[in-house]
Amino acid sequence: MISAAFSCTGHAQDQKATQAQAQSKQGKDAQKHTAGSAKTAALTGDEQIEVRAQRQNRMEVKSGGNLGALGNKKGIDVPFNVRSYTSALILNQQSQTLGEVLMNDPTVRTTYGYGNFSEQFIIRGFPVYGDDVSIDGLYGITPRQLVSPQLYDSVQVLNGASAFLNGAAPGGSAQGGNINLEFKHAGDTPLTRVTGDYTSSSMGGGAIDVGRRFGQDKQFGVRINVAGRSGVSAIDRAKRHQVAVGGGFDWHDRADHTRVTIDMAYENQGVNGGRGGVFLSSVTTVPKVPGAGANYGQPWTYTELNYIYGKLKVEHDFSKYLTAYAQFGGLGGNEKGNYGSTYVTNSQTGAAYNGAMYVPYMQTNESTQAGLRSHFRTGGIKHEINAGGSGLWEENASAYALALTRQQTNLYRPTFYSASQPETYIGGNLDNPRKNNTTRLWSLFFSDTVSAFHDRVALTAGFRYQSIKAVSYNYGNSTTSYDKGAFTPVVGLVVHPTHETSIYFNRIEGLSQVPPATGNVVNLGQIFAPYQAVQYEIGAKYDIGRFSAAVSVFQIDKPNAYTVPVAGTSYNIYAVNGLQRNRGIEFTVNGEIIKGLRFNGGTSIIDADQRRTSGGLYDGNRAIGVPGYTINGNLEYDLPFIKGATVTGRVIQTGHQYADNLNKLRVPNWTRFDVGARYSFVVEHRAVTTRLGVDNLANTRYWESAFGGYLLQGLPRTFKFSVTADF
């Protein structure tokens with residue numbers, strides 16, 4: 001039995017999935033059931049399919065998320081700009097990496113790490129390294145290079161500095177924003193979902209998602225996710241493989257007011273013969289972009305990533321006014337790769353060379369957080385107190401082998417080698433990497449949110465004291481150490497002119513370690529207080545549930561360190577004298593515009609101004625790799641003449657960038673178009689959804705990013721197809 005679905009949703013919570021009830025009855029009862037109530041339905045966690053002429057759409061992008069020290073909040077009620085991309089969007093767009101999920105955000109852009117295939121993200125003109133993506137507010141327990149999004153219920157983006165909210169990021173980034181992930185957990189209704197997928201040119205895969213609750217009061221929950229794929233990507237000869245396994249276990253004792261969650265995951269990802277970044281070596285112009293699917297990477301390059309990670313969280317309500325919580329997480333990572341980036345020496349001819357570097361890397365992290373949340377009133381004033389602390393212990397071991405001989409090649413007509421040049425310059429023990437760095441972070445925080453006039457006005461004030469201790473080792477022997485701390489205050493104000501609108505202001509800081517003085521300087525080894533980036537932001541929000549919009553204006557001042565001559569001498573000194581000022585406007589829109597038509601997107605305009613540079617050489621120039629503007633628009637439309645069918649379209653545009661501090665190497669702006677469709681129907685009382693997507697429809701060739709001073713080419717036209725069935 002196959003029946004057309006009369007509705008298709010953008011999103012419904014996984015917890016509300018139910019089985020189809022379409023069984024016919026004999027005689028008049030069957031007629032009543034069909035013509036009267038017409039309640040025959042098949043519900044999936046991410047799409048709701050009902051055999052009746054009515055659509056019930058849900059949001060794929062929500063306003064609000066996890067704000068660290070302040071907990072989970074609705075976006076309209078806080079003085080910060082935060083959004084959550086749900087598992088519905090991840091499933092419907094067939095996202096295979098975290099970067100593909102964040103491609104939907106108009107304020108975020110993605111690039112690769114220096115010389116490898118790891119994803120890093122740019123928010124408000126500053127980077128967020130993979131090391132600094134958090135899970136449930138905990139730093140240090142996320143796979144640091146590539147993340148499998150199939151394990152997560154939401155991907156949350158916080159725009160702006162967040163040292164008070166989340167503490168200092170261990171990788172030293174996240175000055176302009178934060179990315180947080182939330183694991184999937186079982187809902188109230190059983191879920192068994194199977195997905196098979198195909199990605200061009202020859203990559204196949206699938207996923208299984210199972211959720212159940214047990215016990216008399218359904219107090220025990222289990223959610224198991226398994227996903228994997230392998231094959232050749234749309235880039236010529238570039239192979240990828242991925243396996244991700246996650247388990248979410250929870251216990252909620254309603255009588256005892258205690259909640260316990262345990263999340264565990266394993267992830268393996270690999271890239272063979274991938275297309276990496278393009279470095280510019282003494283060129284005066286940016287080279288033209290090669291063919292969209294061209295691969296100038298060497299076939300001997302690869303990366304192999306393995307991670308085991310997880311966390312335990314306990315919450316207890318002592319009363320309706322007081323809640324205590326604590327969580328502990330850990331990660332073990334084992335990475336290795338042979339990397340060979342392309343260095344262009346002549347932009348006109350494409351002449352270039354490849355280097356080679358083999359790096360094994362092992363990582364062991366532990367992270368913890370605990371605190372109290374209290375609500376009470378003093379007269380007509382409502383208080384929300386948040387107090388607690390966090391700690392992180394990170395240790396990594398690595399080595400390297402560097403090839404000093406170069407392989408000659410060409411960006412447009414590459415020469416391929418079966419193996420890299422012998423890697424003769426070796427640091428550390430390649431077979432048994434020794435300790436290279438340790439990082440110890442701990443912090444204490446306190447805040448009070450005071451609300452008045454029936455919660456129409458809320459003022460948040462607080463601080464976090466953060467200690468940063470880092471030790472560098474020469475493969476086992478301690479060489480340099482860093483031990484400093486700083487207070488980072490926060491002030492935020494929210495005013496609700498109406499229940500659906502708010503106006504907000506914040507002053508908050510970012511925090512990161514300043515590298516010790518190095519090189520030929522008179523203050524060799526000097527330790528500096530951490531960088532404290534200062535943000536001011538004002539904005540307005542509108543949220544009616546099915547539709548939300550936000551606009552914000554911000555300024556972030558971030559100090560920089562560099563070497564300057566000592567007046568009257570031949571010596572240099574390393575000092576924190578520099579400054580980068582990023583000013584911008586952000587506008588985002590998410591939700592259902594009219595019945596059956598949904599939109600998410602917006603724009604970000606940034607002036608990333610270099611100030612107080614060494615000798616004033618770059619003063620007034622735009623910072624490397626920061627586009628002047630970014631625009632996203634993603635539309636979904638439920639076809640009224642084909643029940644259960646939805647068509648999608650997305651446009652992504654990024655303004656021009658510069659690949660150098662002098663702003664001589666100009667990278668052109670680019671635009672990409674994506675299209676897709678999905679169709680939901682019922683087969684033997686089971687919900688089935690087919691999805692087809694085409695990314696970069698026009699097969700446009702473009703330099704996607706110049707952040708860091710190297711070029712990353714955008715992906716070619718890519719076809720994606722998947723079928724999902726609920727049992």
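Kindly indicate whether any position in segment 97-104 is under 20 Å from ARG144 (Cα atoms), free of Cβ contacts under 8 Å to residues at least 40 places away in the same chain and among the acidic types (Asp, Glu).
No; the residues of segment 97-104 include none that is under 20 Å from ARG144 (Cα atoms), free of Cβ contacts under 8 Å to residues at least 40 places away in the same chain and among the acidic types (Asp, Glu).
Evaluate the following for ALA529: is it closer than 24 Å to VAL576 by Cα and either touching a strand residue (DSSP E or B) at 6+ places or on another chain (Cβ under 7 Å) or surrounded by fewer than 16 Cβ atoms within 10 Å (Cβ to Cβ) (or both)?
Considered against the rule, which asks whether it is closer than 24 Å to VAL576 by Cα and either touching a strand residue (DSSP E or B) at 6+ places or on another chain (Cβ under 7 Å) or surrounded by fewer than 16 Cβ atoms within 10 Å (Cβ to Cβ) (or both), ALA529 comes out as yes.
Do we find that VAL457 is within 24 Å of SER162 (Cα to Cα), surrounded by 15 or more Cβ atoms within 10 Å (Cβ to Cβ) and of a type in the set (Val, Ile, Thr) in this structure?
Against the criterion (within 24 Å of SER162 (Cα to Cα), surrounded by 15 or more Cβ atoms within 10 Å (Cβ to Cβ) and of a type in the set (Val, Ile, Thr)), VAL457 does not qualify.
Of the conditions (1) at pLDDT 95 or above; (2) touching a helix residue (DSSP H, G or I) at 6+ places or on another chain (Cβ under 7 Å); (3) surrounded by fewer than 18 Cβ atoms within 10 Å (Cβ to Cβ), TYR562 clears all except one; give me its number.
(1)
So, in segment 695-725, exactly how many residues are in a strand (DSSP E or B), surrounded by 18 or more Cβ atoms within 10 Å (Cβ to Cβ) and not charged (D, E, K, R)?
Within segment 695-725, residues that are in a strand (DSSP E or B), surrounded by 18 or more Cβ atoms within 10 Å (Cβ to Cβ) and not charged (D, E, K, R) number 8.
Is it true that GLY125 is touching a strand residue (DSSP E or B) at 6+ places or on another chain (Cβ under 8 Å), buried (at least 24 other Cβ atoms within 10 Å of the Cβ) and not acidic (Asp, Glu)?
yes
Out of contact with any Phe, Trp or Tyr (no Cβ under 8 Å at 6 or more places or on another chain) and either among the β-branched types (Val, Ile, Thr) or closer than 30 Å to TYR482 by Cα (or both) - does that describe any residue in segment 193-201?
yes
So which pairs qualify, if the first residue must be in segment 525-543 and closer than 15 Å to VAL78 by Cβ, the second must be assigned to a loop (DSSP other than H, G, I, E, B) and among the small types (Gly, Ala, Ser), the Cβ gap must be under 8 Å, and the two must be at least 6 apart or on different chains?
Listed by first residue and then by second, the contacts come to GLN535/GLY160; GLN535/ALA161; GLU537/GLY160.
Please specify each residue of segment 78-103 satisfying the condition of being touching a Ser or Thr at 6+ places or on another chain (Cβ under 9 Å) and of a type in the set (S, T, N, Q).
ASN81, SER84, THR86, SER87, ASN92, GLN93, GLN94, GLN96, THR97
Quickly run through segment 417-441 and pick out the residues that are out of contact with any Leu (no Cβ under 7 Å at 6 or more places or on another chain), closer than 13 Å to ALA356 by Cα and surrounded by 15 or more Cβ atoms within 10 Å (Cβ to Cβ).
Across segment 417-441, the qualifying residues are TYR417, SER420, GLN421.
Search segment 571-596 for residues being assigned to a strand (DSSP E or B) and aromatic (Phe, Trp, Tyr), and hand back the single one that is surrounded by the most Cβ atoms within 10 Å (Cβ to Cβ).
TYR574
Which residues, taken from segment 642-679, are small (Gly, Ala, Ser) and farther than 14 Å from TYR629 by Cα?
GLY644, ALA645, GLY649, ALA659, GLY676, ALA677
For the structure I just gave you, tell me whether GLY568 is part of a helix (DSSP H, G or I), surrounded by fewer than 16 Cβ atoms within 10 Å (Cβ to Cβ) and more than 28 Å from the chain's Cα centre (by Cα).
For GLY568, the condition - part of a helix (DSSP H, G or I), surrounded by fewer than 16 Cβ atoms within 10 Å (Cβ to Cβ) and more than 28 Å from the chain's Cα centre (by Cα) - is not met.
Which members of segment 495-504 meet the condition of being buried (at least 16 other Cβ atoms within 10 Å of the Cβ) and either closer than 30 Å to SER467 by Cα or of a type in the set (Asp, Glu) (or both)?
Scanning segment 495-504 gives a single hit, TYR504.
In segment 247-257, which residues are modelled with pLDDT of 95 or more and not acidic (Asp, Glu)?
Passing the criteria: GLY247, GLY248, PHE249, TRP251.
Would you confirm whether or not segment 671-694 contains a residue that is within 26 Å of the chain's Cα centre (by Cα) and part of a loop (DSSP other than H, G, I, E, B)?
No: segment 671-694 contains no residue that is within 26 Å of the chain's Cα centre (by Cα) and part of a loop (DSSP other than H, G, I, E, B).
Counting just the residues of segment 597-633 that are in a helix (DSSP H, G or I) and in contact (Cβ under 8 Å) with a residue 40 or more places away in the chain, which one comes out nearest to the chain's Cα centre (by Cα)?
SER614
Could you tell me whether VAL553 is surrounded by fewer than 17 Cβ atoms within 10 Å (Cβ to Cβ), within 21 Å of GLY628 (Cα to Cα) and β-branched (Val, Ile, Thr)?
For VAL553, the condition - surrounded by fewer than 17 Cβ atoms within 10 Å (Cβ to Cβ), within 21 Å of GLY628 (Cα to Cα) and β-branched (Val, Ile, Thr) - is met.
Consider only pairs whose beta carbons are under 6 Å apart and that are at least six residues apart or on different chains; among these, list those whose first residue lies in segment 550-574 and is more than 19 Å from GLY616 (Cα to Cα) and whose second residue is of a type in the set (Lys, Arg).
ALA550/LYS541; GLN555/ARG583
Yes/no matrix, rows are residues, columns are (1) buried (at least 23 other Cβ atoms within 10 Å of the Cβ); (2) among the charged types (D, E, K, R); (3) assigned to a helix (DSSP H, G or I):
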position: ALA69; (1), (2), (3): yes, no, yes
position: PRO79; (1), (2), (3): yes, no, no
position: ALA88; (1), (2), (3): yes, no, yes
position: ASP105; (1), (2), (3): yes, yes, no
position: ARG109; (1), (2), (3): yes, yes, no
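Only one of these conditions is not met by GLY545: (1) closer than 27 Å to PHE599 by Cβ; (2) among the small types (Gly, Ala, Ser); (3) modelled with pLDDT of 95 or more. Which number is it?
The number of the failed condition is (3).
Of all residues in segment 380-405, which are free of Cβ contacts under 8 Å to residues at least 60 places away in the same chain and either in a loop (DSSP other than H, G, I, E, B) or surrounded by fewer than 16 Cβ atoms within 10 Å (Cβ to Cβ) (or both)?
LEU402, LEU404, THR405
Tell me which strands (runs of 3 or more DSSP E) are completely within segment 214-272 and hold 1 or more residues being surrounded by fewer than 16 Cβ atoms within 10 Å (Cβ to Cβ) and of a type in the set (A, V, I, L, M), or say none if there are none.
220-233, 258-272
Across segment 317-333, what is the number of residues that are out of contact with any Phe, Trp or Tyr (no Cβ under 8 Å at 6 or more places or on another chain) and either in a strand (DSSP E or B) or within 14 Å of LEU392 (Cα to Cα) (or both)?
9
Being at pLDDT 95 or above and within 28 Å of ALA470 (Cα to Cα): is that true of SER134 here?
yes
List pairs: first in segment 194-218 and of a type in the set (A, V, I, L, M), second outside any strand (DSSP E or B) and crowded, with 18+ Cβ neighbours inside 10 Å, Cβ under 7 Å, 6+ apart or cross-chain?
Listed by first residue and then by second, the contacts come to ALA207/GLN150.
I need the full set of residues from segment 634-660 which are under 27 Å from GLY277 (Cα atoms), hydrophobic (A, V, I, L, M, F, W, C) and not in a strand (DSSP E or B), in order please.
Within segment 634-660, ALA659 is the sole residue that qualifies.
Would you please name the residue that is farthest from ASN72 (Cα to Cα), looking only at residues in segment 334-378 that are in contact with a strand residue (DSSP E or B) (Cβ under 9 Å, 6 or more places away or on another chain) and not in a strand (DSSP E or B)?
THR349
For residues that are under 30 Å from PHE117 (Cβ atoms) and in contact (Cβ under 8 Å) with a residue 60 or more places away in the chain, scanning just segment 302-327, find the one that is farthest from the chain's Cα centre (by Cα).
Out of the qualifying residues, it is THR303.
The values are calculated or read from the model by the stated rules, or taken from the named source; none is laboratory data. In this text, all values refer to a predicted model and were calculated from it rather than measured experimentally. Positions of Cβ are generated from backbone atoms using ideal geometry, with glycine treated the same way; all protein chains shown enter the neighbour counts.
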